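Q: Questions regarding the structure given below will be posed in turn.
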Amino acid sequence: MTRLLFVCLGNICRSPSGENVMRHLIEREGLMDQFQLDSAGTSGWHIGNPPDSRMTLAANNRGIEMLGRARQVKPEDFEKFDWIFAMDQSNYEDLEQVRDECKNPTAELVLFCDFCEEHEETEVPDPYYGGAEGFETVLDLLEDGCSSFLRQWKEGVLT
Ligand code: 4NP
């Protein structure tokens with residue numbers, strides 16, 4: 001079982017999209033019995049809320065269903081997941097602090113864009129205060145990084 005956690009600031013735009021893009025790809029390959037997927041926010045601002053309606057519309061237009069409710073990341077997540085994907089550098093730094101509160105952190109913390117192969121960006125930009133194109137950029141980056149992660153997983157090059 002491979003356990004993946006996607007993390008952004010609010011857990012209503014980027015990280016739920018990461019989780020649901022990845023689920024879409026994994027289900028298409030019939031591999032869902034080998035994965036656990038979740039997402040969380042570094043903030044608690046939107047706890048219990050569904051994904052942002054603009055993000056959901058953009059994802060649905062690509063055939064991706066958006067499931068889940070926002071929650072805040074917690075120290076135990078570093079024991080419960082194998083990979084934790086930070087959407088941007090600020091999320092990464094906040095997650096390092098959360099990891100410090102975990103007794104036995106085993107998760108691999110990475111910047112999501114480290115897995116992107118077709119994009120030069122190093123962060124998934126926060127789309128919350130911008131226009132519609134920002135949500136498309138988020139999905140472009142997520143589809144790139146998630147498909148390359150999954151390909152590497154299938155090749156057995158990820159531990
Ligand atoms: P996310 O986007 O981190 O991708 O979920 C945001 C959602 C909400 C806020 C900021 C970013 N906010 O300021 O409420």
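Q: Is it the case that some residue within segment 93-103 is in contact (Cβ under 8 Å) with a residue 12 or more places away in the chain, under 12 Å from the mean Cα position of the chain (by Cα) and either over 20 Å from His24 (Cβ atoms) or within 16 Å of the ligand (Cβ to nearest atom) (or both)?
A: The answer is no; no qualifying residue exists.
Q: Looking at Met22 and the list (1) more than 15 Å from the ligand (Cβ to nearest atom); (2) farther than 17 Å from Val124 by Cβ, which single condition is not satisfied?
A: (2)
Q: For segment 132-155, state whether one or more residues are farther than 23 Å from His24 by Cα and open to solvent by 70 Å² or more (accessible area, probe 1.4 Å).
A: no
Q: What are the residues in segment 104-131 that are surrounded by 18 or more Cβ atoms within 10 Å (Cβ to Cβ), within 24 Å of Thr56 (Cβ to Cβ) and either within 14 Å of the ligand (Cβ to nearest atom) or not aromatic (Phe, Trp, Tyr) (or both), if any?
A: Phe112, Cys113, Cys116, Val124, Asp126, Pro127
Q: If the Cβ limit is 7 Å and pairs must be 6+ apart or interchain, which residue in segment 121-135 that is closer than 21 Å to Glu19 by Cβ and in contact (Cβ under 8 Å) with a residue 60 or more places away in the chain pairs with which residue that is among the small types (Gly, Ala, Ser) and exposed (fewer than 14 other Cβ atoms within 10 Å of the Cβ)?
A: Correct list of pairs: empty, since none qualify.
Q: Within the set of pairs 6 or more residues apart or between chains, which connect a residue that is over 16 Å from Arg54 (Cα atoms) inside segment 12-28 to a residue that is small (Gly, Ala, Ser) with Cβ atoms less than 7 Å apart?
A: Glu19/Ser39; Glu19/Gly68; Leu25/Ser147
Q: Within segment 65-103, track down each residue that is part of a loop (DSSP other than H, G, I, E, B), open to solvent by less than 30 Å² (accessible area, probe 1.4 Å) and over 23 Å from Cys116 (Cα atoms).
A: Ala70, Val73, Cys102, listed by residue number.
Q: Right, something else. Taking segment 106-131, which residues are more than 22 Å from Leu31 (Cα to Cα) and part of a helix (DSSP H, G or I)?
A: Listed by number, the residues that qualify are Cys113, Asp114.
Q: Restricting the search to segment 33-53, which residues are within 25 Å of Glu155 (Cα to Cα) and open to solvent by 60 Å² or more (accessible area, probe 1.4 Å)?
A: Within segment 33-53, Asp33, Gln34, Gln36 meet the criteria.
Q: Also, I was wondering about something else. Which numbered condition in (1) within 14 Å of the ligand (Cβ to nearest atom); (2) assigned to a helix (DSSP H, G or I); (3) closer than 17 Å to Asp144 by Cα is the only one that Phe6 fails?
A: (2)
The values are calculated or read from the model by the stated rules, or taken from the named source; none is laboratory data. Predicted model, so just to flag it, every value in this text is computed and none were measured. Cβ: placed from backbone, ideal geometry, glycine included. Neighbour counts: every protein chain shown. Calculation scope for accessible area: heavy atoms of the full protein, side chains included, ligands and nucleic acids excluded. Shrake-Rupley method; radii C 1.70, N 1.55, O 1.52, S 1.80 Å.
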